[in-house]
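As structure tokens, the structure follows; a few thoughts come after it.
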Amino acid sequence: MELQDIFTFQSFHEIWGPYGYGYDLPEMIEKEFGRMKGITYLDHGGTTLFPESQIKAFYQDLTRNIYGNPHSHNLSSRLTHDTVEHVRYRVLEHFNTSPEEHTVIFTSGCTAALKLVAESFPWSSACTGEPGSHFCYLTDNHTSVVGIRGVSGQLGVTSLPVSPHEVEARARHSPRATSAIDSQTAHLFCYPAQSNFSGRKYPLSYARGIQTGRLYPACERPGRWLVLLDAAALVGSSGLDLQENTADFIPISFYKMFGFPTGLGALLVRNEAAAILRKGYFGGGTAAAYLAGEDYFVPKSSVSSRFEDGTISFLDVISVHHGFEALQRLTGGMVRIQQHTFGLARYSYVMLSSLLHSNGQPVAHVYCDNEFQDPSSQGAVLNFNVLDGHGGVVGYSQVDKLASLFNIHIRTGCFCNTGACQVFLGISNQEVKDNLEAGHVCGDSIDLVDGRPTGSVRVSFGYMSTFEDCQKFLSFIVNCFTDKPFRMDEERLARLKLAVPFVDSVGHFSPSASNGQLEHKTDHRDTAPSLISSTNGREIRIHTPKRPEERNNTQILTNIFIYPIKSCAAFEVREWSVGPLGLLHDRTWMVVNENGVCLSQKREPTLGQVQPRISLASNALHITAPGMNVITVPLGDLKEQNLSQRTCQSKVCGDRVQTVDCGDEVASWFSEFLGKPCRLMKQKPDFIRNMKKAPENAGDGPTAVSLVNEAQYLLISRASVEMLQERISGRLDDPSIPQAISMQQLIARFRANLVVTGTNPLEEDDWSGLTIGNTGFRVAGRCGRCQMIGIDQESGARTQEPLKSLSDCRQGKVTFGIYLLQQPMANSSAITTLSVGSPIAPELSKSDDY
Ligand SMILES: Cc1ncc(COP(=O)(O)O)c(C=O)c1O
């Protein structure tokens, strides 16, 4: 029998269907992983490999942007802060959860995350009457988990190793007794989502079972059970759905997912469990306040800030964004990666375990708990020892050395998982101690003691592994270790081939997903009707405001501006509908950089030259900019336009916002105009963001806002602008003031929605509310100003004015204009419109409480 006749692609397809990602895999590998040429890399469990495009994108990001220390407050620091926050969202999104449910604490790796839990868990030692905490762990855990014992043991906490079969063997089906629930003693149960030794996946449902006291050991010990799910080995080739798994602590390392960055991991903490963690040490960035000369320290309220001591590895965190992007771009996501990698592992398992020496003896002893039928219970890992024709084990060092000769990179030893190694290789505790006496230490090359193995061989697959990698590995085993002529156990082969789970035409598996990892649920929130469907606003032409003196000092609304795209130019209208978040379509879109960070004029003054115009007649947003053709974005539901609906979470003024990507065409348009990669995002119709500081008199009324910085509406008065203009004109002999700023330019710089006339300068500061036409508003505070008003909205040039004059005339206070919140109408379904020329009726506040 010839090798090429056995390990064929045809034979692969008889064993597993899905392969690759719907394009030419070798071409992608040549482009992205050229360095793998001639190498069969099969240690993705150790670390996977990064694609070149990921590093190039990261490099471009670094050379395009200045990332300052996130603890400072300058512009470059804000950029870092916002980008890091965006990455946190991206991490949560990847695991199908949200900041409402989980927090990401960045660490230097999975081990550091485990250590963080070990050192902050509220262990209690047994004392009179109280049983004390238990630290329980599956024996199939990585050393870094078992090592928690070193911390808990010092505190007198009982450690309880549990073998995998014990957990389900001792399940309790009835609810726990109330007295058991009453005990508040905290216990920790740790298990791996996937064994780093055998690739076995443990059911995600264990977490709930332990937390509710139904599974051993929780069913025997009263108290509050918290669960740590070590996801380090799983996340490289499988998704993890944290809606399915209720574990409290989930540590990961990012190099296992992307190959880069190294030295960065995270602890995902369920928010409900975060409060239980205690902290002794406090480092830079973690304190809300502390005293150097007194024992006084108050931690920051946010969980991540409290636990991220010192400056996090922020550039590495930023590179995680490029990791996710590359992964998605090259594979389409974790479901496909899991299918692809599992197929390779399954094929290798079926072939290797059916391979026989000429005398009919098996060539390998594979260490696994299942027959690789189902990717929800087995990862892309194959662990084995090679056997000679007499059944004797060939030491792993021997296999490793020969593999190196053939440029095959595998992992050997006991993989920092002594528990699994002992079970699979049948090594007793005494033998481990005896082996140490005999000179064998973890990780060395003493692979056999008295002919018995001290470890094994592990091959593991990554998303860029190929069928040819399996072929090379299997051929290597046959060529180097099999007595010829080799044979295949045909009976076994036929049986295993049949054991494949049902896979439908799009590659989804049968619903046997005991590990719950395969299918992310569709986010049905996406299907909520979009805002536009409720509008009946009318489009009108640009209006040149009349001078106030022409209005005989009556108090009226003179201008309505909407800013459909945050930080871009205004679109002026004479009449416009009031929506639930402010003026309809105001700040509904925003431009984000390649990392999903919202761009503003502070960083990109040229955004002011981007002119959006809403046409309700054609249901479209038309965008123009100097030197660019008009581009049109439909106003309606993006889903209807077959756009990707890719959602993104970003920060706007410290708030999390959910947006939907408006597609590649408009992204290219903005990228070309701004000269850097960016995208247009639209606020997700069903995402509710409330005002941070709702006015006290807002009562229980709605305070939802769009992508604005602070409030639904911003109002300025012409009288105040005129006063400021006079100030500036009076300083024109100052060489720092290049020229007068016209009234119109000045109004444009304040980027208000509503401009009123007929009032006294700065009178609006004392209003508590007002009515415009029939629409009532509450004042939500004065608008604090920054260097943004120094940007000329036409040219993008920055000037010191009007901030300087504003600061002078207000004795350092730089507020200008007031925020408004619309008051709900008695008949909430009535559609309200605001019109230029409508009378305004201000209400004076009783006290100066701003
Ligand atoms: C299951 C498991 N847990 C923990 C770790 C430790 O991860 P790190 O070395 O990245 O801290 C590993 C590393 O391989 C692992 O596979």
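The strands (runs of 3 or more DSSP E) found entirely in region 575-656 that carry 1 or more residues being open to solvent by less than 30 Å² (accessible area, probe 1.4 Å) and free of Cβ contacts under 8 Å to residues at least 24 places away in the same chain are 620-624.
The residue that is least open to solvent (accessible area, probe 1.4 Å), among those in region 399-419 that are away from the ligand (no atom under 16 Å from the Cβ) and part of a loop (DSSP other than H, G, I, E, B), is N407. For the condition within 16 Å of the ligand (Cβ to nearest atom), surrounded by 24 or more Cβ atoms within 10 Å (Cβ to Cβ) and in the same structural domain as H142 (by TED's automatic domain parsing), F260 does not qualify.
Matching residues to (1) aromatic (F, W, Y); (2) within 30 Å of E130 (Cα to Cα):
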site: L215; (1), (2): no, yes
site: F254; (1), (2): yes, no
site: M257; (1), (2): no, no
site: V269; (1), (2): no, yes
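For region 553-574, filtered to residues that are among the β-branched types (V, I, T) and open to solvent by less than 10 Å² (accessible area, probe 1.4 Å), the residue that is nearest to the chain's Cα centre (by Cα) is I565. Residues that are part of a loop (DSSP other than H, G, I, E, B), of a type outside the set (S, T, Y) and more than 8 Å from the chain's Cα centre (by Cα) within region 82-110 comprise N96, P99, E100, E101, G109, listed in sequence order. Checking the stated criteria, S348 turns out not to satisfy the condition of being assigned to a helix (DSSP H, G or I), within 18 Å of E32 (Cβ to Cβ) and at pLDDT 95 or above.
You will find that of G332, G323, the residue that is under 35 Å from the mean Cα position of the chain (by Cα), open to solvent by less than 30 Å² (accessible area, probe 1.4 Å), in contact (Cβ under 8 Å) with a residue 60 or more places away in the chain and closer than 30 Å to V91 by Cβ is G323 and no other. Among the residues of region 582-605, just one is aliphatic (A, V, I, L, M), in contact with a helix residue (DSSP H, G or I) (Cβ under 8 Å, 6 or more places away or on another chain) and under 16 Å from Y713 (Cα atoms), namely L584.
Matching residues to (1) surrounded by fewer than 11 Cβ atoms within 10 Å (Cβ to Cβ); (2) without any contact (Cβ under 8 Å) to a residue 24 or more places away in the chain; (3) not assigned by TED's automatic domain parsing to the domain that holds H73:
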| residue | (1), (2), (3) |
| --- | --- |
| R278 | yes, no, no |
| Y281 | yes, no, no |
| T286 | no, yes, no |
| G293 | yes, yes, no |
| V303 | no, no, no |
| F307 | no, no, no |
| G310 | yes, no, no |
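Is it the case, given these coordinates, that L707 is modelled with pLDDT of 85 or more, in the same structural domain as R603 (by TED's automatic domain parsing) and within 24 Å of H585 (Cβ to Cβ)? For L707, the condition - modelled with pLDDT of 85 or more, in the same structural domain as R603 (by TED's automatic domain parsing) and within 24 Å of H585 (Cβ to Cβ) - is met. Looking at (1) open to solvent by 10 Å² or more (accessible area, probe 1.4 Å); (2) at pLDDT 95 or above, which is the only condition F33 fails? Exception for F33: condition (1).
When the residues of region 227-281 are filtered to those that are part of a loop (DSSP other than H, G, I, E, B) and of a type in the set (D, E), the one that is modelled with the lowest pLDDT is E244. Looking only at residues in region 468-493 that are basic (K, R) and in contact with a strand residue (DSSP E or B) (Cβ under 7 Å, 6 or more places away or on another chain), the one that is nearest to A403 (Cα to Cα) is K472.
Between D369, D374, D388, D400, the distinction of being among the charged types (D, E, K, R), closer than 21 Å to F486 by Cα and in contact with a strand residue (DSSP E or B) (Cβ under 8 Å, 6 or more places away or on another chain) belongs to D388 only. Each residue in region 212-230 was checked for being within 26 Å of Q338 (Cβ to Cβ) and either more than 16 Å from the ligand (Cβ to nearest atom) or without any contact (Cβ under 8 Å) to a residue 40 or more places away in the chain (or both), and 3 pass. Filtering region 152-169 down to residues that are in a helix (DSSP H, G or I) and within 20 Å of A420 (Cβ to Cβ), which residue is nearest to the ligand (Cβ to nearest atom)? Checking each candidate, the answer is P164.
In region 432-443, the qualifying residues are those that are in a helix (DSSP H, G or I) and open to solvent by less than 80 Å² (accessible area, probe 1.4 Å), and the one that is farthest from F415 (Cα to Cα) is D434. Every listed requirement among (1) open to solvent by less than 50 Å² (accessible area, probe 1.4 Å); (2) more than 16 Å from the ligand (Cβ to nearest atom); (3) closer than 30 Å to G654 by Cα; (4) not in a helix (DSSP H, G or I) is met by H73 save one, (1).
When region 119-151 is limited to residues that are within 18 Å of A247 (Cβ to Cβ) and assigned to a helix (DSSP H, G or I), the one that is farthest from the ligand (Cβ to nearest atom) turns out to be S120. Filtering region 444-462 to residues that are closer than 20 Å to G38 by Cβ and in a loop (DSSP other than H, G, I, E, B) leaves F461, G462. Screening P677 against (1) modelled with pLDDT of 90 or more; (2) over 39 Å from the mean Cα position of the chain (by Cα) leaves a single unmet condition, (2). Any residue that is buried (at least 17 other Cβ atoms within 10 Å of the Cβ), acidic (D, E), at pLDDT below 95 and not in a helix (DSSP H, G or I) - is there at least one of those in region 420-431? No - not one qualifying residue is present in region 420-431. Screening N96 with (1) more than 24 Å from L382 (Cβ to Cβ); (2) open to solvent by 20 Å² or more (accessible area, probe 1.4 Å); (3) not assigned by TED's automatic domain parsing to the domain that holds A273 gives one miss only, at (3). Yes or no: region 679-692 includes at least one residue that is farther than 23 Å from E85 by Cβ and either part of a loop (DSSP other than H, G, I, E, B) or open to solvent by 10 Å² or more (accessible area, probe 1.4 Å) (or both). No: zero hits. Against the condition within 16 Å of the ligand (Cβ to nearest atom), modelled with pLDDT of 95 or more and open to solvent by 20 Å² or more (accessible area, probe 1.4 Å), how does L116 come out, does it pass? In short, yes. Look at (1) in a loop (DSSP other than H, G, I, E, B); (2) under 24 Å from W16 (Cβ atoms); (3) more than 16 Å from the ligand (Cβ to nearest atom) and you find that Q471 fails only one, number (1).
Residue-level check: of (1) at pLDDT 95 or above; (2) more than 30 Å from F324 (Cα to Cα), L382 misses just (2). Per the conditions (1) within 16 Å of the ligand (Cβ to nearest atom); (2) touching a residue at least 60 places away in the same chain (Cβ under 8 Å), the sole criterion not satisfied by Q422 is (1).
The values are calculated or read from the model by the stated rules, or taken from the named source; none is laboratory data. The structure displayed is predicted, hence computed values, not measured ones. Because the Cβ atoms are built from the backbone with ideal geometry, glycine has one as well, and the counts that use them run over all protein chains shown. The area values use the complete protein model at the heavy-atom level, side chains included, leaving out ligands, DNA and RNA. Shrake-Rupley method; radii C 1.70, N 1.55, O 1.52, S 1.80 Å.
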